[in-house]
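The values are calculated or read from the model by the stated rules, or taken from the named source; none is laboratory data. Keep in mind it's a predicted model, so treat the numbers as computed, not measured. Glycine also receives a Cβ, built like all others from the backbone with ideal geometry; neighbour counts cover every protein chain displayed.
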Amino acid sequence: MQGVIREDDFVNSVAQSLQYVSYYHAPDYIRHLAESYRQEESPAARNAIAQILISSRMAAIAQRPVCQDTGVANVFVKIGMGARLQTDRPLGDLVNEAVRIAYTDRDNPLRATMVRDSEFDRTNTRDNTPAITHVELVAGESIRVMVAAKGGGSENKARFTVLTPSASVADWIVSTVEGLGAGWCPPGLLGIGIGGSAEKSMLLAKEVLLEPIDMTDLRRRGPQSRLEEMRIEIYERVNALGIGAQGLGGLTTVVDVKIRSYASHAASKPVGLIPQCAADRHISFTLDGSGPAQFAPPSPDLWPDIVLEEAQGSARRVNLDMLTRDEVAEWKAGETLLLSGKLLTGRDAAHARMAEMLQRGEPLPVSLDGRAIYYVGPVEAVRDEVIGPAGPTTSSRMDGFTGLMLEQGLLVMIGKAERSPATVEQIRKHGAAYLIAVGGAAYLVARAVKAARILAFEDLGMEAIRELVVEDMPVTVAVDAAGESIHTSGPRQWRSPFAAR
């Protein structure tokens, strides 16, 4: 019946939208990232952007996730006061049913990341429920739904403060972003909420990230309001920090800065900051009773033609099966490597379990002597895949275990973003190396994996220790055996005095 929105249409539309955003980047993001690629002067950052763009196109063709962290489902539902939703169930239950359908799809299963309780029962719910659902009653007779899949790396870098009314929001944002590191996988966006209260400013920051990216047009025509002036100022100053793609140093850290403001108490100025990573995944649709939403794929012409070998330059090929400490000592921070051979995997849970075994005097189930380990939790493989999308996770979560693992003979670690100064010193002390794969290029990385098998801790699921056989897996030396870190030297090289304006 026209005008009545069926329960199935709502559920199926949300489920299909979550599948859609898992393998299609937001088109406006790809357009702006392609422009950043053309303008980038830093070889390391240009290589990283190239990998994201190539991987994005491959994921779109295969309809497989652009990132192994398929994210927390964020669903904003704006219900028209005159809309009729034909259901007796709570709206939250409908959203969670849609998430369950989307994340357990047999053709494109998505990685479940939600745990039952943040503090006491961190058991994975296995279907990525519950979603984070926001509901608002608005004028009209339709239901507007905005869906986003938000990864943990960028979400962990969300920040909140209450400034004095006279304090500069721009100064706080720039200073805060400089201290975030690269764990949020730039180049991306910044969502900023100003005003309201603590929870309102953060909600504003989250929702404004769903607006169209228009920084190129805004700078071309010039600002027409003080808010637009602030957007441009923060955009230019953040990029002047020189953080660059993946924190490697470069011209583009953000492709846009989005700001939404609200009234506040006269004595305070709440400010929320939420970064959006290189896996910019969101879509909106409207239901009016005429049936479920329809989602058209983006044009294949959206992605630029890039030859990865040209972007990588003169990469050094490395045979992991014959790796020596002397060879590792030759690598230099910022250098591109192509890894082939056998590679271990392991994340937080596996490291914690190995540490417990060593403390009890038990032998490890896998020898780390002379090996390389990749911090990854892959998506489940389907069809003829050896492994699902398998991008890196944030390495700093393993910092507390690094010294112990290096004492077992571990030679190489691979992840994303910077390591702590203490960890860098441990790497230097042991003559090891830390490499980064590009966050946001999960499908491209997975194509380098030719074989995979579980060696230990199978009960940990995605966090089990696996042995991968890789061929020409692209990585960048982030910390070399001498203790030089590209996450320090890169931004220093590309930083502009304009950042401190």
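Quick notes on this structure:
- Under the condition of being surrounded by 24 or more Cβ atoms within 10 Å (Cβ to Cβ) and at positive phi, the residues counted in the stretch 229-249 number 4.
- Among the residues of the stretch 1-55, those identified as among the small types (Gly, Ala, Ser) and surrounded by 21 or more Cβ atoms within 10 Å (Cβ to Cβ) are 13, 15, 17, 22, 26, 36, 42, 44, 45, 48, 50, 55.
- Residue within the stretch 304-313 that is surrounded by 19 or more Cβ atoms within 10 Å (Cβ to Cβ) and under 22 Å from residue 478 (Cβ atoms) present: yes
- Subset tally (residues that are over 17 Å from residue 185 (Cβ atoms) and in contact (Cβ under 8 Å) with a residue 12 or more places away in the chain) for the stretch 220-241: 10
- On inspection, residue 463 qualifies as within 18 Å of the chain's Cα centre (by Cα) and of a type in the set (D, E, K, R).
- No other residue among 3, 92, 82 is over 23 Å from the mean Cα position of the chain (by Cα) and on the phi > 0 side of the Ramachandran plot apart from 3.
- Of all residues in the stretch 236-260, those being part of a loop (DSSP other than H, G, I, E, B), over 19 Å from the mean Cα position of the chain (by Cα) and either of a type in the set (A, V, I, L, M, F, W, C) or within 19 Å of residue 193 (Cβ to Cβ) (or both) number 2.
- Residue-level check: of (1) outside the structural domain of residue 212 (by TED's automatic domain parsing); (2) farther than 30 Å from residue 3 by Cβ; (3) over 21 Å from the mean Cα position of the chain (by Cα), residue 87 misses just (2).
- The stretch 471-495, subset in a strand (DSSP E or B) and of a type outside the set (Asp, Glu), residue surrounded by the most Cβ atoms within 10 Å (Cβ to Cβ): 478
- Matching residues, the stretch 262-276, being of a type outside the set (A, V, I, L, M, F, W, C) and either touching a Leu at 6+ places or on another chain (Cβ under 7 Å) or crowded, with 22+ Cβ neighbours inside 10 Å (or both): 262, 269, 270, 272, 275, 276
- Strands (runs of 3 or more DSSP E) contained entirely in the stretch 114-223, each with at least 3 residues that are buried (at least 22 other Cβ atoms within 10 Å of the Cβ) and under 22 Å from the mean Cα position of the chain (by Cα): 143-150, 188-196
Results for (1) of a type outside the set (Gly, Ala, Ser); (2) under 21 Å from residue 338 (Cβ atoms), shown as yes or no for each residue.
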position	(1), (2)
392	yes, yes
404	yes, no
408	yes, no
440	no, yes
454	yes, no
